[in-house]
């Protein structure tokens with residue numbers, strides 16, 4: 001079955017519009033009647049099929065009691081929901097891309113992560129995550145607790161209903177983030193996670209990295225998406241050319257990375 005024509009911004013729009021409608025306590029069909037719309041019209045809008053003018057959409061947001069910030073956010077998404085790619089700029093310690101990334105992680109059937117600086121966030125222990133935050137000049141002391149909690153909460157996505165493939169750069173496993181005890185605890189956690197049949201962790205030898213960190217998300221119904229995060233940016237890519245390029249990088253890492261058992265043996269030696 002062909003993949004649905006959908007974009008990152010379109011899915012973000014639909015998810016947030018559904019959440020707003022839910023706050024009214026009314027079913028979509030009931031809300032549509034209040035607006036004088038056919039139910040199919042509201043359903044098409046929520047599912048990213050369009051068919052609604054900006055004036056009508058604004059009326060819908062007013063009927064739902066959207067607050068100013070929510071109104072502006074959904075309006076911007078409405079206008080851009082069919083555009084490929086999405087660059088987000090942010091200033092806060094808990095940037096907006098976290099919401100977008102979590103939504104797509106929940107939808108994905110397979111998540112491929114390349115990590116060249118730290119142990120992948122989805123596999124971090126709380127002590128390791130705290131040490132990363134404490135060493136970062138971009139995480140303020142007052143925000144550290146919230147930052148760590150958000151990271152640990154995201155690890156809940158790691159479960160057997162989807163597949164995970166982690167490529168970890170070898171120098172990361174030797175970098176004493178937080179000191180020897182924290183790293184030892186973290187390495188043992190990696191070994192425990194590697195036992196799970198839905199997790200593959202492979203080590204990329206030093207000197208074989210091609211690019212910075214990224215996440216490739218694969219879906220049952222949609223085309224793949226790449227997430228590439230920077231210091232104050234989050235880039236979501238869903239065009240064919242970009243996805244093809246990142247898939248080539250993953251194929252390269254598959255060729256140069258240690259096998260699953262070799263990776264386990266290496267991590268075991270580090271742990272001991």
The residue that is farthest from residue 10 (Cα to Cα), considering only those in the stretch 229-245 that are modelled with pLDDT of 90 or more and out of contact with any helix residue (DSSP H, G or I) (no Cβ under 8 Å at 6 or more places or on another chain), is 245
Scanning for something in a helix (DSSP H, G or I) and within 16 Å of the chain's Cα centre (by Cα), does the stretch 123-138 turn up at least one residue? yes
Could you tell me which residue of the stretch 69-121 is modelled with the lowest pLDDT, considering only residues that are farther than 25 Å from residue 199 by Cβ, touching a strand residue (DSSP E or B) at 6+ places or on another chain (Cβ under 6 Å) and assigned to a loop (DSSP other than H, G, I, E, B)? 96
Evaluate the following for residue 57: is it in a loop (DSSP other than H, G, I, E, B) and surrounded by 14 or more Cβ atoms within 10 Å (Cβ to Cβ)? no
List pairs: first in the stretch 136-156 and without any contact (Cβ under 8 Å) to a residue 40 or more places away in the chain, second surrounded by 11 or more Cβ atoms within 10 Å (Cβ to Cβ), Cβ under 6 Å, 6+ apart or cross-chain? 144/133; 148/129; 148/130; 148/133; 151/121; 151/129; 152/126; 155/122
Reported set for the stretch 185-213 where residues are surrounded by 12 or more Cβ atoms within 10 Å (Cβ to Cβ), out of contact with any strand residue (DSSP E or B) (no Cβ under 8 Å at 6 or more places or on another chain) and at pLDDT below 95 is 208, 210
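The values are calculated or read from the model by the stated rules, or taken from the named source; none is laboratory data. As the structure is a prediction and not an experimental result, all values here were calculated from the model. Using ideal geometry, Cβ is built from the backbone for each residue, glycine included, and neighbour counts are taken over all protein chains shown.
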